[in-house]
1. Report the gain in length on full extension from GLU98 to THR30: 0.36 nm times residue separation, minus Cα-Cα distance, nm rounded to one decimal.
2. I need ASP136, ASP95 ordered by Cβ neighbour count within 10 Å, fewest first.
3. Multiply the residue gap between LYS73 and ARG126 by 0.36 nm, knock off their C-alpha separation, and tell me the result in nm, one decimal place.
4. For LYS94, LYS28, what's the fewest-to-most ordering of other Cβ within 10 Å of each Cβ?
5. Taking the range 29-163, how many lysine pairs are there with alpha carbons less than 19 Å apart, if each pair must be eight or more places apart or span two chains?
6. Which residues' amide hydrogens lie under 5 Å from the amide hydrogen of GLY147, considering only partners 5 or more residues apart or on another chain, with H built in the peptide plane?
7. Using a cut-off of 18 Å between alpha-carbon atoms, which aspartates and glutamates can reach LYS28, once sequence neighbours fewer than 8 places away in the same chain are excluded?
Amino acid sequence: MKKSLFLLAAFACCLFTLTACGDDDEPKVTPKATATYTINFHQDLLDAASVIVYYKGENGAVKFEPVSTTVWKKTVSSTKFPAEFAFQIAYSPKDAAELTKDSYNLDVAGSIDGSLNTGEAFYFSRTLMSAPTQKDKVISTLEKHSGKDVMGYTVTKNGTATAMTSINLK
């Protein structure tokens with residue numbers, strides 16, 4: 001009888017110490033945010049000024065590129081959170097003698113279109129500069145907007161995007 005009780009106790013111990021080994025644990029996904037910047041420039045603006053776009057690149061590193069086409073586009077990503085996506089535009093007006101038209105269309109529109117690898121998405125767009133501008137006002141208008149045409153958002157791991165209140169990437 002003692003032997004039976006001992007075997008029963010040993011069996012009970014084994015039963016409680018063994019656990020199922022399965023694939024129930026979901027692999028952890030490292031959050032990653034990706035955003036595409038798109039800026040549309042009217043050709044008149046590119047005729048009247050040299051343009052440089054400063055932007056937050058991979059994991060928030062500040063980069064810059066000169067613009068030579070009417071559409072500037074860049075896709076970047078970040079695994080650092082909160083992730084920051086932003087751009088700032090600098091204009092260097094050409095000399096007044098180089099301006100040959102009576103009026104210039106200085107339209108600039110930008111957008112930031114992004115998503116997280118967890119499924120959340122965000123999108124923002126706005127007009128940064130618009131209106132036909134007389135030749136004698138082109139230089140002052142571009143100087144007034146240079147460095148002030150900005151757009152930026154901070155994105156959390158759960159996909160909440162908040163407009164950045166202060167942007168200076170230059």
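Throughout, read-outs are computed from the coordinates displayed, never taken from laboratory work. None of the values given here were measured: they were computed from a predicted structure. With ideal geometry, Cβ positions are generated from the backbone for all residues, glycine too; neighbour counts draw on all protein chains shown.
1. Values: separation 68, 0.36 × 68 = 24.48 nm, distance 5.18 nm.
The span from GLU98 to THR30 would gain 19.3 nm if fully extended.
2. On the way: ASP136 10, ASP95 7.
Least to most surrounded, the residues fall as ASP95, ASP136.
3. Values: separation 53, 0.36 × 53 = 19.08 nm, distance 1.52 nm.
The span from LYS73 to ARG126 would gain 17.6 nm if fully extended.
4. Details: LYS94 15, LYS28 6.
With the sparsest Cβ surroundings first, the list reads LYS28, LYS94.
5. Lysine pairs, 8 or more places apart or on different chains, close enough: 22.
6. ILE89, ALA90, TYR91
7. GLU120
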